[in-house]
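The values are calculated or read from the model by the stated rules, or taken from the named source; none is laboratory data. Treat the numbers as computed from the prediction; the structure is a model and nothing was measured. A quick note on method: Cβ atoms are made from the backbone with ideal geometry, for glycine too, and the neighbour counts reach across all protein chains shown. The accessibility values were calculated without ligands, DNA or RNA, using every heavy atom of the protein model including side chains. Shrake-Rupley method; radii C 1.70, N 1.55, O 1.52, S 1.80 Å.
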Amino acid sequence: DVKVTQSSRYLVKRTGEKVFLECVQDMDHENMFWYRQDPGLGLRLIYFSYDVKMKEKGDIPEGYSVSREKKERFSLILESASTNQTSMYLCASSRNRGIDTQYFGPGTRLTVL
Amino acid sequence: GEDVEQSLFLSVREGDSSVINCTYTDSSSTYLYWYKQEPGAGLQLLTYIFSNMDMKQDQRLTVLLNKKDKHLSLRIADTQTGDSAIYFCAETPLSGYNKLIFGAGTRLAVHP
């Protein structure tokens, strides 16, 4: 079974703090994704990566950056957290660069005060 | 542009069938997916259908695709309380490079 894990289920941070969200997959998948989920909006793609050290902007990259130093790990960074970044963050991975099923982690619910 | 729409809420009685509907705009969609999210959990892939298919059945789940109308539906037969969750429709457009476009999700409530 594919396993995608996220470092925290719940996080509370203060405005202006730097926040790191970590995601690890154990199936040697090439692609990794970060989404945020908000009620009534579904999932929106923040960034994705199709290889180590490669990254592509998704639909809402503003205020975020990512890092992929190793194939299995994809980090989402909020350089200076703001209250409008309070959300559920979901990481996903898929096997290859073609059309393929995405497998999701359990999510991190981030609250920015 | 690419857009996926779903109704936000559906309530059914236990044992009845549930039908969750989805419409999409991108005619180049290759695969269409249904994901399930239980409370406090991530998304779990339920089923998917390739765009050249009309129907796919998997146990209690039936997916119908009307490509002309760009309409996708998920039917759950004999709905149980454990089926209560949010169901997301998603598509992969041909230009999307493994990118998924999600609907807002339909919250299914199953009551006795």
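For region A:38-113, the square roots a ≥ b ≥ c of the C-alpha gyration tensor eigenvalues yield an a/c of 1.5 or more together with a/b exceeding b/c, which makes the shape prolate. Considering only alpha-carbon pairs that sit under 8 angstrom and 6 or more positions apart, the relative contact order computed for chain A is 36 percent.
Under 5 Å between amide hydrogens, built in the peptide plane, is the criterion, and for A:Gly58 it picks out A:Tyr47, A:Phe48 among residues at least 5 positions away or on other chains.
For the protein assembly as shown, what is the Kirkwood estimate of the hydrodynamic radius, computed as the reciprocal of the mean inverse distance between distinct Cα atoms, to one decimal in Å?
Averaging 1/r across every pair of different Cα atoms and inverting gives 18.0 Å.
For chain B, the Stokes-Einstein estimate of translational diffusion at 20 °C and a viscosity of 1.002 mPa s comes to 153 µm²/s, using the Kirkwood hydrodynamic radius over alpha-carbon pairs.
Here are some pairs, B:Lys70/B:Lys99; A:Lys70/B:Lys56; A:Lys57/B:Lys68; which of them have Cα atoms lying more than 28 Å apart in this structure? Don't skip to the answer; put the middle values down first.
Numbers: B:Lys70/B:Lys99 18 Å; A:Lys70/B:Lys56 37 Å; A:Lys57/B:Lys68 31 Å.
Among B:Lys70/B:Lys99; A:Lys70/B:Lys56; A:Lys57/B:Lys68, the Cα-Cα distance tops 28 Å for A:Lys70/B:Lys56; A:Lys57/B:Lys68.
The relative contact order of region A:34-81, computed from alpha carbon pairs under 8 Å that lie at least 6 residues apart in sequence, is 26 percent. The dipole here belongs to region B:1-51: it is taken about the Cα centre, uses +1 on the Cβ of Lys and Arg and -1 on the Cβ of Asp and Glu, and is about 160 debye.
Comparing A:Asn96, A:Tyr10, A:Pro39 along the charge dipole axis of chain A, the residue lying farthest to the positive side is A:Tyr10, per the Cβ-charge model.
Could you look at the protein assembly as shown and say what percent of its accessible area is carbon and sulfur, using a 1.4 Å probe and all protein chains? Summing carbon and sulfur atoms, their accessible area is 48 percent of the total for the protein assembly as shown. For region A:30-59, the set of trypsin sites (Lys or Arg not before Pro) satisfying both a DSSP loop assignment and a count of at most 16 other C-beta atoms within 10 Å is given as A:Lys53. Within straight-line reach of B:Lys67, meaning a Cα separation under 17 Å, sit the following aspartates and glutamates at least 8 residues removed in sequence or on another chain: B:Glu2, B:Asp3, B:Glu5, B:Asp26, B:Asp54, B:Glu91. A straight Cα-to-Cα reach below 17 Å connects A:Lys13 with the aspartates and glutamates A:Glu22, A:Glu79, residues fewer than 8 places away in its own chain not being considered.
Would you mind calculating the relative contact order of chain B from Cα pairs under 8 angstrom and at least 6 residues apart, reporting the percent as a whole number?
Working: 282 pairs, mean separation 42.2, N = 112.
Worked out over chain B, it gives 38 percent.
Interface size, chains A and B: roughly 1800 Å² of accessible area buried, both sides included, 1.4 Å probe, rounded to the nearest 100.
The fraction of all Cα pairs in region A:1-56 landing in successive 5 Å bins from 0 to the largest distance is 4, 13, 19, 26, 22, 12, 4, 0, given as whole percents. Counting Cβ atoms of other protein chains within 10 Å of each residue's Cβ and taking the mean over peptide B:37-46 gives 5.
Placing a pseudo-label 7 Å from each Cα along the Cα-to-Cβ vector at A:Ile77 and B:Asn52 gives an inter-label distance of 4.4 nm.
Solvent-accessible area per residue in the protein assembly as shown equals 48 Å², computed with a 1.4 angstrom probe and all protein chains kept.
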